[in-house]
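Have a look at the structure below, then the notes.
The values are calculated or read from the model by the stated rules, or taken from the named source; none is laboratory data. Since we're looking at a predicted model, the values are computed, not measured. When we count neighbours, we look across all protein chains shown, and the Cβ atoms used for this are built from the backbone with ideal geometry, even at glycine.
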Amino acid sequence: MKTLLTIAIPTYNRAHLLDQQLAWLARAIQGFESECEVIISDNCSTDNTSEIIKKWLPYFSKTKFIVNRNSENLGVMKNIAYCLNSATSKYVWTIGDDDPIQDRTLSYVVENLKKYPELTLLILNFSCRYEPTGELLYQRCFDIKDEEVCAEGKAVFEFCLEQNHSGVGFMTAQVYRTEVVQSAVKKWSSGLNNMEAQVYWTAFCAANGSAKVTKDTYLESAFGDSHWMREPKVLLKMQYIDLPKIYIKLMEIGYSIKFCRKLVLKHFLKNNWRVFFGALRRWPILAITTIIPYLALVGKSAKGILLSPKEISTSPSSDILSTTSQT
């Protein structure tokens, strides 16, 4: 019999954090052992990750527990995709080894997946903390007044993306219908080279069924210590190549041209241009060859909106979810 939920943890060289996350999972899974499977995918760690996994194995004796160790470091997105593709349950929840998750969260997820079997996407609201200083950046990613399942999953995604892009790109906040997200990974196989591919996977699941966003927060995102935040070239690619590519891919899976053009212009107007100018000083050729196609996309989007003033109308998602804007 197929289990309800796969809980997958991709990890690399963060044994101490994995230790904490497995301690949380060992507590949270009690009572749901037979309804879940656990996958740990070690991206060829050089620390004591293997020892930590062995330490916790006895605590999951009632649960299917799969351990994978890649023969080499595949990169973060390919390791996440391995987790998604290896899941055999009806739903898959891929969680970060460093994301604090409340003890009540797993029971909430399981209960909702049972209550709403038509869901293709469940988004868990979360708070965000700036890790270097401990400052809480915001209490809730999405300001939701009425928590309910929406049959128009695409509208839910549009609302969430417009409120806070990080919400649909934050891996631990997304619970997917397994067969749907696996189709998304397969449909855009080259997306594994895109650091923003999680946004596409979320959009795909939303476009292929019903979705729900929680009103309460169930976890926390730690901002400011990700490896790509310390790699200027990676950050340049994410902001000016990867994310704009996502906006184009959204149109291919049914999101309106109007909506995607607005995203491009919003990205241009609110972007952190220090990333580009910093790259321009260090690697002028790389920066220029990166920015030219981006500016061409911005120009095309602006032209499209100027020629069609009606396209600046309110997003169709605004009258489906009862919300207030995230500031």
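From Ile40, Ile52, Ile80, which residue is among the aliphatic types (A, V, I, L, M) and part of a strand (DSSP E or B)?
Answer to the selection: Ile40.
To keep it simple, each residue is scored yes or no on (1) touching a Ser or Thr at 6+ places or on another chain (Cβ under 9 Å); (2) closer than 16 Å to Leu124 by Cα; (3) touching a residue at least 12 places away in the same chain (Cβ under 8 Å); (4) of a type in the set (Asp, Glu).
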{"residue": "Cys141", "(1), (2), (3), (4)": "yes, yes, yes, no"}
{"residue": "Ala151", "(1), (2), (3), (4)": "yes, no, yes, no"}
{"residue": "Phe157", "(1), (2), (3), (4)": "yes, yes, yes, no"}
{"residue": "His165", "(1), (2), (3), (4)": "no, yes, yes, no"}
{"residue": "Val181", "(1), (2), (3), (4)": "yes, no, yes, no"}
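For the stretch 113-137, which residues satisfy the criterion of being closer than 25 Å to Gly209 by Cα and surrounded by 17 or more Cβ atoms within 10 Å (Cβ to Cβ)?
Leu113, Leu119, Thr120, Leu121, Leu122, Ile123, Leu124, Asn125, Phe126
Quick grid of which residues meet (1) hydrophobic (A, V, I, L, M, F, W, C); (2) assigned by TED's automatic domain parsing to the domain that holds Leu161:
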| site | (1), (2) |
| --- | --- |
| Asn194 | no, yes |
| Ala211 | yes, yes |
| His267 | no, no |
| Trp273 | yes, no |
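Of the residues that make up the stretch 10-19, is at least one under 29 Å from Tyr116 (Cβ atoms) and of a type outside the set (S, T, N, Q)?
The answer is yes, given that some residue of the stretch 10-19 is under 29 Å from Tyr116 (Cβ atoms) and of a type outside the set (S, T, N, Q).
For the subset of the stretch 201-234 comprising residues that are of a type in the set (Val, Ile, Thr) and at pLDDT 95 or above, which member is nearest to Ser127 (Cα to Cα)?
If we take residues in the stretch 201-234 being of a type in the set (Val, Ile, Thr) and at pLDDT 95 or above, then Thr217 is nearest to Ser127 (Cα to Cα).
Can you find even one residue in the stretch 70-90 that is β-branched (Val, Ile, Thr) and more than 25 Å from Glu118 (Cα to Cα)?
yes
Specify which of the listed residues (Gly96, Gly31) is outside any helix (DSSP H, G or I) and out of contact with any helix residue (DSSP H, G or I) (no Cβ under 6 Å at 6 or more places or on another chain).
Among Gly96, Gly31, only Gly31 is outside any helix (DSSP H, G or I) and out of contact with any helix residue (DSSP H, G or I) (no Cβ under 6 Å at 6 or more places or on another chain).
Only one residue in Trp93, Trp24, Trp56 is in the same structural domain as Lys186 (by TED's automatic domain parsing), within 30 Å of Val234 (Cβ to Cβ) and either in contact with an Asp or Glu (Cβ under 9 Å, 6 or more places away or on another chain) or among the polar types (S, T, N, Q) (or both). Which one?
Every option except Trp24 fails the conditions.
Starting from residues that are β-branched (Val, Ile, Thr) and crowded, with 21+ Cβ neighbours inside 10 Å, keep the ones in the stretch 77-100 and report whichever is farthest from the chain's Cα centre (by Cα).
Here the answer is Val92.
Residue by residue through the stretch 167-179, note down the ones that are of a type in the set (Val, Ile, Thr) and free of Cβ contacts under 8 Å to residues at least 60 places away in the same chain.
Of everything in the stretch 167-179, just one residue is of a type in the set (Val, Ile, Thr) and free of Cβ contacts under 8 Å to residues at least 60 places away in the same chain, namely Val168.
Are any residues in the stretch 243-266 in contact with a Ser or Thr (Cβ under 7 Å, 6 or more places away or on another chain) and farther than 19 Å from Pro293 by Cα, and if so, which ones?
Listed by number, the list holds a single entry, Phe259.
Suppose we keep only residues that are free of Cβ contacts under 8 Å to residues at least 60 places away in the same chain and in a helix (DSSP H, G or I) within the stretch 192-201. Which one would you say is nearest to Leu235 (Cα to Cα)?
Val199
Out of (1) within 17 Å of Ile246 (Cβ to Cβ); (2) touching a strand residue (DSSP E or B) at 6+ places or on another chain (Cβ under 7 Å); (3) part of a loop (DSSP other than H, G, I, E, B), the odd one out for Phe142 is which?
Checking Phe142 against (1) within 17 Å of Ile246 (Cβ to Cβ); (2) touching a strand residue (DSSP E or B) at 6+ places or on another chain (Cβ under 7 Å); (3) part of a loop (DSSP other than H, G, I, E, B), the one that fails is (1).
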